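K.L.:
Structure incoming, see below.
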Amino acid sequence: MPFRTLDSLDVAGKRVLLRADLNVPLRDGKITDLTRIERLSPTIRELSQNGAKVIVCSHFDRPKGKRVPEMSLAPMAAALGDVLGKRVRFVEDCTGVAAEQAVGLLAPGDALVLENTRFHAGEETNDPNFARALAKLAEIFVNDAFSAAHRAHASTEGVAHLLPAYAGRLMQAELQALDAALGNPLRPLAAIVGGAKVSTKLELLGNLVGKVDVLIIGGAMANTFLAAQGNRVGKSLQEAEMHGTALDILARARDAGCRIVLPTDAVVARELKPDPPTEVVSANVVPANAMILDVGPASVAALIQQLPSWKTLVWNGPLGAFETPPFDAGTVSLARAVAEATKHGLRSVAGGGDTVSALRHAGVIDQLSYVSSAGGAFLEWLEGKTLPGVAALAG
Ligand code: 3PG
């Protein structure tokens with residue numbers, strides 16, 4: 001989908017409303033992961049250097065239309081100032097007199113963070129009046145929040161129809177990386193989909209079987225597929241009510257010429273806890289008192305062997321219970337092999353909250369072609385859905 005970028009924009013002296021995603025992890029008032037703020041900073045720097053008055057708006061958490069002091073964006077404004085190495089102002093509302101006055105004090109190059117848009121009920125209902133109040137603050141709208149683009153909210157969608165709208169550098173990078181992965185990929189194209197439940201990734205699997213050449217299913221989700229095929233999976237996590245759906249996905253994959261890869265062996269234990277006694281077993285005969293907690297070494301070795309034959313790889317979801325050692329082993333080995341293959345030309349794109357944690361845990365977060373900062377938006381994009389925040393930038 002064509003969209004306007006900052007390349008075609010003269011912002012000198014102009015008020016620019018920048019939709020960011022400052023929905024960052026916060027514990028005891030402290031930000032525990034600055035990734036989203038760091039990734040946003042190039043757009044702010046560019047706008048500032050070109051003389052814009054930068055007005056940053058974002059949601060944080062889910063205050064449900066009420067002012068919740070613990071969900072203020074004040075700590076994010078301070079962190080943004082630290083990352084940018086310059087003063088970033090903050091105003092305690094995102095619309096109305098206070099916000100308008102704060103904007104009126106900005107000089108070219110200055111940056112201001114507005115208070116949480118979700119303190120107003122009109123944000124999530126995409127209320128035209130609330131969108132107009134936001135639009136009133138600026139002359140140009142720049143959206144850099146791909147990770148919130150699956151929400152048709154006033155600050156992601158409504159306002160884009162009221163001001164000339166552009167994609168920021170982070171939005172642009174996300175869209176270009178995702179298009180190269182699934183829109184116009186070099187083939188063969190493989191996807192690895194892991195995670196706990198088939199039921200949460202049904203649409204995603206359905207979309208992928210029609211697009212990718214190879215689909216690797218991992219995590220507890222694979223147990224459902226194995227059980228649906230009549231394999232004994234012991235007391236592994238699986239969804240008995242999804243067996244029919246799993247078989248249907250396998251049939252659709254066959255029709256579409258998509259090869260499905262399921263684990264052939266598994267690491268099992270009696271319970272999920274750190275460092276219990278484990279055993280490697282064939283994935284079709286798991287002992288009745290054991291559960292699959294990680295993909296087995298033979299399955300990982302087979303995947304690693306196939307990596308050089310793929311030109312593009314999309315990855316969402318870990319292959320095992322990676323947060324509990326030693327069940328991180330399969331995901332970590334594969335992540336390192338993907339990083340190595342990327343050095344030799346594989347285009348690797350990953351995304352989703354758990355996947356990002358797993359890649360960070362494996363120490364390869366910077367070694368894939370692109371790691372999306374989005375969670376829900378990345379999933380909806382994998383499902384083939386149109387993201388309203390992106391659609392509103394078309395032009
Ligand atoms: C995210 O963290 O995925 C985005 O900021 C969207 O947040 P939401 O799920 O609360 O809309």
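Here, each number is a calculation from the coordinates, and none is a lab measurement. Being a predicted model, the structure only gives us computed values, none of them experimental. Cβ: placed from backbone, ideal geometry, glycine included. Neighbour counts: every protein chain shown.
K.L.:
Output the pairs from Lys235/Lys385; Lys197/Lys311; Lys30/Lys66; Lys64/Lys273 with a Cα-Cα distance over 30 Å in this structure; if there are none, say none.
P.N.:
Lys235/Lys385; Lys64/Lys273
K.L.:
Here is a follow-up. Please report, in cubic angstrom per residue, the volume enclosed by the convex hull of the alpha-carbon atoms of region 248-324.
P.N.:
Dividing the Cα hull volume of region 248-324 by its residues yields 125 Å³.
K.L.:
Further, regarding this structure: Output the antiparallel fraction of DSSP beta bridges having both residues in the chain, as a percent to the nearest 5.
P.N.:
The answer is about 20 percent antiparallel.
K.L.:
Let me ask something else. To the nearest 10 degrees, how steeply does helix 35-49 sit against the main Cα axis of the chain, on a 0 to 90 scale?
P.N.:
Helix 35-49 sits at roughly 30 degrees to that axis.
K.L.:
Here is a further query. Return the distance in nm (one decimal) between the two label points of a simple spin-label model at Gln305 and Ala98, each offset 7 Å from Cα along Cα→Cβ.
P.N.:
Here the modelled spin labels are 6.4 nm apart.
K.L.:
Report, in cubic angstrom per residue, the convex hull volume of the C-alpha atoms of region 275-316.
P.N.:
With only Cα atoms used, region 275-316 gives 110 Å³ per residue.
K.L.:
If you don't mind, there's one more thing I want to ask. Sort the following peptides by mean Cβ neighbour count (other Cβ atoms within 10 Å, averaged over residues), highest first: 27-37, 200-210.
P.N.:
Ranked by mean Cβ neighbours within 10 Å, highest first: 200-210, 27-37.
K.L.:
Charges at C-beta only: +1 for Lys and Arg, -1 for Asp and Glu. How large is the resulting dipole of the chain about its Cα centre, in Debye rounded to 20?
P.N.:
Roughly 360 debye for the chain.
K.L.:
Please order Met1, Met221 by the number of other Cβ within 10 Å, starting at the fewest.
P.N.:
Met1, Met221
K.L.:
Just how large is the dipole of region 277-343 about the Cα centre, in debye to the nearest 20, putting +1 at every Lys and Arg Cβ and -1 at every Asp and Glu Cβ?
P.N.:
That gives a dipole near 320 debye.
K.L.:
Tell me, what HN-Hα J-couplings in whole Hz come from the Karplus equation 6.51 cos²θ - 1.76 cosθ + 1.60 at θ = phi - 60° for each residue of region 264-274, using x for Gly and Pro?
P.N.:
In residue order, the calculated couplings are 9, 9, 8, 9, 10, 8, 6, 8, 8, 7, x Hz.
K.L.:
Treating each Cα of region 308-395 as an identical point scatterer and ignoring solvent, apply the Debye formula and state log10 I(q)/I(0) at q = 0.12, 0.13, 0.18 Å⁻¹.
P.N.:
-0.39, -0.45, -0.79
K.L.:
Putting +1 on Lys and Arg Cβ atoms and -1 on Asp and Glu Cβ atoms, find which of Ser299, Val371, His361 reaches farthest to the positive end of the dipole of region 247-395.
P.N.:
My answer, from the dipole projection, is Val371.
K.L.:
Another question, then. Please give the net charge around Ala377, taking every other residue with its beta carbon less than 10 angstrom from that of Ala377, where Lys and Arg add +1 and Asp and Glu add -1.
P.N.:
Summing Lys and Arg as +1 and Asp and Glu as -1 gives -1.
K.L.:
At a Förster distance of 41 Å, what's the computed FRET efficiency of Glu271 paired with Asp82, Cβ-Cβ distance as r, to 0.05?
P.N.:
For R0 = 41 Å, the calculated efficiency reads 0.40.
K.L.:
Let me ask something additional. Would you give the gap between the C-alpha center of region 151-171 and the C-alpha center of region 79-142, rounded to a whole Å?
P.N.:
Cα centroid to Cα centroid, the span is 14 Å.
K.L.:
Could you line up Phe378, Phe130 from fewest to most neighbouring Cβ atoms inside 10 Å?
P.N.:
Going from least to most buried by this count: Phe130, Phe378.
K.L.:
Which value, in debye to the nearest 20, describes the size of the charge dipole of region 185-382 about its Cα centre when Lys and Arg Cβ atoms bear +1, Asp and Glu Cβ atoms bear -1, and nothing else is charged?
P.N.:
440
K.L.:
Using Cβ contacts closer than 10 Å as the measure, can you line up His361, His153, His161, His344 from fewest to most?
P.N.:
His344, His161, His361, His153
K.L.:
Mind checking which lysines have their C-alpha under 27 Å from Lys53, skipping anything on the same chain fewer than 8 residues away?
P.N.:
Result set, ordered by chain and number: Lys14, Lys86, Lys136.
K.L.:
Now for a separate question. Multiply the residue gap between Asp28 and Arg187 by 0.36 nm, knock off their C-alpha separation, and tell me the result in nm, one decimal place.
P.N.:
52.6 nm
K.L.:
Amide H to amide H, which residues 5 or more places from Val113 or on other chains are under 5 Å from it, using H placed in the peptide plane?
P.N.:
The list, which skips near neighbours in sequence, is Val56, Arg89, Phe90, Val91.
K.L.:
Relative contact order (percent) for region 15-170, with alpha-carbon contacts under 8 angstrom and 6 or more residues of separation?
P.N.:
It comes to 30 percent, rounded to a whole number.
K.L.:
A further question on this structure: Average the reciprocal distances over every distinct pair of alpha-carbons in the chain, invert the result, and give the Kirkwood radius in Å.
P.N.:
About 22.3 Å for the chain.
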